[in-house]
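*Asks:* Okay, here's the structure, questions in a sec.
All of the numbers you see were taken from the coordinates with simple rules; none came from a lab. These numbers were taken from a predicted model, which means no experiment stands behind them. Counting neighbours? That spans all protein chains shown, and the Cβs are built from the backbone with ideal geometry, glycine included.
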Ligand code: PAF
């Protein structure tokens, strides 16, 4: 695996590969890799010729400085996992590479996607995400970029940026990986105690409950029941839980049996903010 730290070296390396007709797949990450990330690498390997993974803990998407500070950075372990997964290129830039002095101000119109759920609870988060993903897309120029369904709203936001800015990249969404008890794999899980992990199982249980009962109960009833499942676990603090339209992410009050929806949830546990989602067919 090539490890590249400057944008010029990355551009040069990829330009040569592109000239040889190679299709470039890109997996942007913030490191602290787990099997969910590796499944993105594997998916990328199965449909592209060269897989580039970036590891960059992007400061502009953290609205809470403490969260940025605490973000895990096990870089040697990450490198070993990427080598084992046969990733071709790791791009590992310093903050000064991605945000040079006099970097222009970034603001993109994300419509309501920036104002609801994650956008509401983490002001400026999606501006930071789009800013870094745009910069990375410009450097890597991938044919296909791979993102996990775990960050459902993030995927919608990036698709919107691609459409608005007419970027020549295709998004490929990979289903969320879960552990044997249903917990969605996330780098943040590493900050939970063993007891916390056990409590966290309730989040996906509540989503599964909604998924199973959304067609037979009133929306407000099923949400209320799932809310209680979460809030009855000591230490959980629910931020939001709703059944939403899959494109606008607007919450619904009535299920149309012909349509697909997504249940979105965010909750705090042991000082860790957990998010998850599940499709309702
Ligand atoms: O999902 C993430 O890990 C990050 O938001 C991303 C897409 C790598 C941008 O920093």
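Listed here are the residues, each with its yes/no results for (1) out of contact with any strand residue (DSSP E or B) (no Cβ under 7 Å at 6 or more places or on another chain); (2) outside any helix (DSSP H, G or I); (3) over 22 Å from residue 141 (Cα atoms); (4) within 14 Å of the ligand (Cβ to nearest atom).
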site: 51; (1), (2), (3), (4): no, yes, no, no
site: 69; (1), (2), (3), (4): yes, no, yes, no
site: 78; (1), (2), (3), (4): no, no, yes, yes
site: 101; (1), (2), (3), (4): yes, yes, yes, no
site: 107; (1), (2), (3), (4): yes, yes, no, no
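*Asks:* To continue, here is another question. I'd like to verify a number: residues in the stretch 199-214 that are surrounded by fewer than 16 Cβ atoms within 10 Å (Cβ to Cβ), in contact with a strand residue (DSSP E or B) (Cβ under 8 Å, 6 or more places away or on another chain) and more than 24 Å from residue 270 (Cα to Cα), how many?
*Replies:* Residues in the stretch 199-214 being surrounded by fewer than 16 Cβ atoms within 10 Å (Cβ to Cβ), in contact with a strand residue (DSSP E or B) (Cβ under 8 Å, 6 or more places away or on another chain) and more than 24 Å from residue 270 (Cα to Cα): 0 in total.
*Asks:* Pull up the stretch 115-141, narrow it to residues that are more than 13 Å from the ligand (Cβ to nearest atom), touching a strand residue (DSSP E or B) at 6+ places or on another chain (Cβ under 9 Å) and outside any helix (DSSP H, G or I), then point me to the one that is farthest from residue 62 (Cα to Cα).
*Replies:* This residue is 141.
*Asks:* Assess whether residue 230 counts as being part of a strand (DSSP E or B) and touching a helix residue (DSSP H, G or I) at 6+ places or on another chain (Cβ under 7 Å).
*Replies:* Answer is no for this residue.
*Asks:* Take the residues in the stretch 65-85 that are in contact (Cβ under 8 Å) with a residue 40 or more places away in the chain and more than 14 Å from residue 33 (Cβ to Cβ); name whichever of them is nearest to the chain's Cα centre (by Cα).
*Replies:* 67
*Asks:* Moving on. Name every residue in the stretch 45-62 that is touching a residue at least 60 places away in the same chain (Cβ under 8 Å) and more than 16 Å from the chain's Cα centre (by Cα), in order of residue number.
*Replies:* Correct list: 47, 48, 52.
*Asks:* Working only within the stretch 9-34, note down all residues that are over 30 Å from residue 69 (Cβ atoms) and either in contact with a strand residue (DSSP E or B) (Cβ under 6 Å, 6 or more places away or on another chain) or not in a loop (DSSP other than H, G, I, E, B) (or both).
*Replies:* 11, 12, 13, 14, 15, 16, 17, 18, 19, 22, 24, 25
*Asks:* Moving on to the next point. Looking only at the stretch 244-277, count how many residues are over 17 Å from residue 113 (Cβ atoms) and more than 18 Å from the chain's Cα centre (by Cα).
*Replies:* Summing the residues that are over 17 Å from residue 113 (Cβ atoms) and more than 18 Å from the chain's Cα centre (by Cα) in the stretch 244-277 gives 11.
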